[in-house]
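Quick note: the coordinates plus some simple rules give every number you see, no bench work behind them. Treat the numbers as computed from the prediction; the structure is a model and nothing was measured. Note: ideal-geometry Cβ built from the backbone for every residue, glycine included; neighbour counts use all protein chains shown.
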Amino acid sequence: MKEIRVELGEHAYPIYIGEGLLDQPEIFKNCIKSKQVMVVTNDTIAPLYLERTMQCLGDFTTDKVVLPDGEQYKTLEVMNEIISRLLQQRYSRNCCLIALGGGVVGDIAGFAAACYQRGIDYIQMPTTLLAQVDSSVGGKTAVNHELGKNMIGAFHQPRAVIADISTLNTLHDRELQAGLAEVIKYGLIRDQKFFDWLEQNIEKLLHREIQEIVYAIEVSCRNKAEVVAIDEKESGMRALLNLGHTFGHAIETGLDYKGWLHGEAVATGMLMAADLSNRHGWLSTQELERIGKILTRAKLPVRLPPALTPARMLELMAVDKKARDGAMHLVLMKRIGEAFVTNKFDAEKLRATLEHFSSATEPR
């Protein structure tokens with residue numbers, strides 16, 4: 001088992017990475033202060049891992065909430081099911097939630113923990129690659145609004161992240177590929193050596209070779225932990241973690257959170273950000289081509305869905321958490337391994353990028 005610390009003073013916590021962690025009760029005992037534990041999961045993960053998790057929590061007073069699976073259910077109404085269950089079972093303010101599942105479960109359970117009695121403990125137990133390398137780390141919790149993704153939420157750090165990589169054995173190939181988008185992101189924004197390694201090992205990751213999977217998760221988590229420790233609430237550097245997300249969130253919102261996975265939308269968004277950077281003369285054409293090739297090798301989409309026109313994308317991108325004082329801010333790139341946030345981009349070049357990636361336009 002590997003352990004990484006997210007250094008946030010009194011809110012510091014460990015990330016545990018290894019196989020078989022769901023069967024190690026001592027990890028839970030070290031992380032949970034209360035006797036009351038509520039496990040939040042969904043109807044896809046529950047048949048696979050809920051019973052094992054409940055058995056591991058045998059020394060605690062436990063209950064469970066099983067939510068429907070899917071980004072379209074990341075809403076206030078669904079989150080209220082967690083709050084209602086906590087109240088019905090008379091859980092006190094020193095209880096603990098466990099988020100057992102992917103990014104949607106982690107976001108909903110984390111936000112419920114942030115809200116219930118003004119904040120209770122929770123533990124992230126991510127079961128997807130995307131959640132293990134990204135969404136479970138950093139304390140961002142939220143639900144969606146029909147006008148925008150993650151528009152209702154709070155920063156609320158977990159007590160621990162327990163990433164059992166054996167749960168990836170039941171992950172569909174498409175979900176694994178979507179997770180690789182967030183892995184690639186770390187190489188693009190701040191870790192060129194990691195990007196170089198990914199170019200050499202992307203097929204091994206697709207084939208789920210254990211040594212490479214563990215390394216990719218560990219490096220990704222270290223990168224995110226370092227960024228979060230510097231900028232917990234996204235006032236500066238942490239915004240770099242949103243590379244491709246303004247484009248990607250617009251895709252997800254425009255599709256009503258159906259049809260595309262988050263990582264798929266981010267993959268297309270990252271290539272669009274790279275293309276826009278290239279149009280401004282910041283990112284070389286050679287590096288743009290490298291980014292497109294690795295995303296294609298990872299079997300990720302690199303075109304906008306047919307339902308979204310450039311005009312619709314611009315409309316959706318304007319409603320974004322990263323907009324400040326009415327101005328859209330984008331994460332763009334100077335080179336592989338160096339990203340930056342700016343609102344100083346050419347609107348016509350942005351429109352050209354959107355036109356280029358439109359499914360109605362022939363690719364170059």
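Taking the convex hull of the Cα atoms, report for region 2-170 its projected area averaged over all directions, in nm².
Its average projected convex-hull area is 8.8 nm².
Going by C-beta contacts inside 10 Å, put M270, M333, M54 in order with the fewest on the left.
On the way: M270 29, M333 25, M54 17.
Fewest-to-most Cβ neighbours within 10 Å comes out as M54, M333, M270.
About its Cα centre, how strong a charge dipole does the chain have in debye, to the nearest 20, once Lys and Arg get +1 and Asp and Glu get -1 at the Cβ?
I would put it at about 540 debye.
Less than 22 Å apart at the alpha-carbon level, and either on another chain or at least 8 residues along: which lysines does that give for K233?
K74, K140, K149, K185, K224, K321, K322
Of the candidates G70, G106, G236, which one comes out as most mobile in a Gaussian network treatment of the chain with C-alpha springs shorter than 10 Å?
So, out of G70, G106, G236, the one fluctuating most is G236.
For the chain, find the longest principal axis of its Cα atoms and tell me its angle to the long axis of helix 76-88, 0 to 90°, nearest 10.
For 76-88 against the chain, the angle is about 10 degrees.
Would you mind estimating how fast region 248-288 diffuses translationally, via Stokes-Einstein at 4 °C and 1.567 mPa s with the Kirkwood radius over Cα pairs, in µm²/s? List each step's numbers first, then the result.
Values: Rh = 10.9 Å.
Diffusion coefficient, whole number: 119 µm²/s.
If I model a spin label at D23 and E209 as a point 7 Å from the Cα along the Cα→Cβ vector, what separation in nanometres do I get?
Between D23 and E209, the label points sit 2.6 nm apart.
Output needed for the chain: three equivalent-ellipsoid semi-axes, defined as square roots of 5 times the C-alpha gyration tensor eigenvalues, in descending order, whole Å. Could the numbers behind the result be given before it?
On the way: eigenvalues 230, 95, 66 Å².
Working from the Cα gyration tensor, I get semi-axes of 34, 22, 18 Å.
Within the chain, which is the longest segment containing none of the GluC sites (Glu not before Pro) that sit in a DSSP loop and have at most 14 other Cβ atoms within 10 Å?
That gives 210-364 as the longest site-free run.
Ranked highest first by the average count of other Cβ atoms within 10 Å around their residues, in what order do 90-98, 136-144 fall?
136-144, 90-98
Test of understanding: in a Gaussian network model of the chain with alpha carbons linked when under 10 Å, which of V40, V331, V65 would top the mean-square fluctuation ranking?
For the chain, modelled as a Gaussian network with Cα springs under 10 Å, the answer is V65.
What are the equivalent ellipsoid semi-axes of region 173-357, built from the alpha-carbon gyration tensor (square roots of five times its eigenvalues), in whole angstrom, biggest first? Working shown, then result.
On the way: eigenvalues 119, 70, 52 Å².
That gives 24, 19, 16 Å for the three semi-axes.
Using alpha carbons only, how many angstrom separate the centre of region 249-292 from the centre of region 95-136?
When both Cα centres are located, 27 Å separates them.
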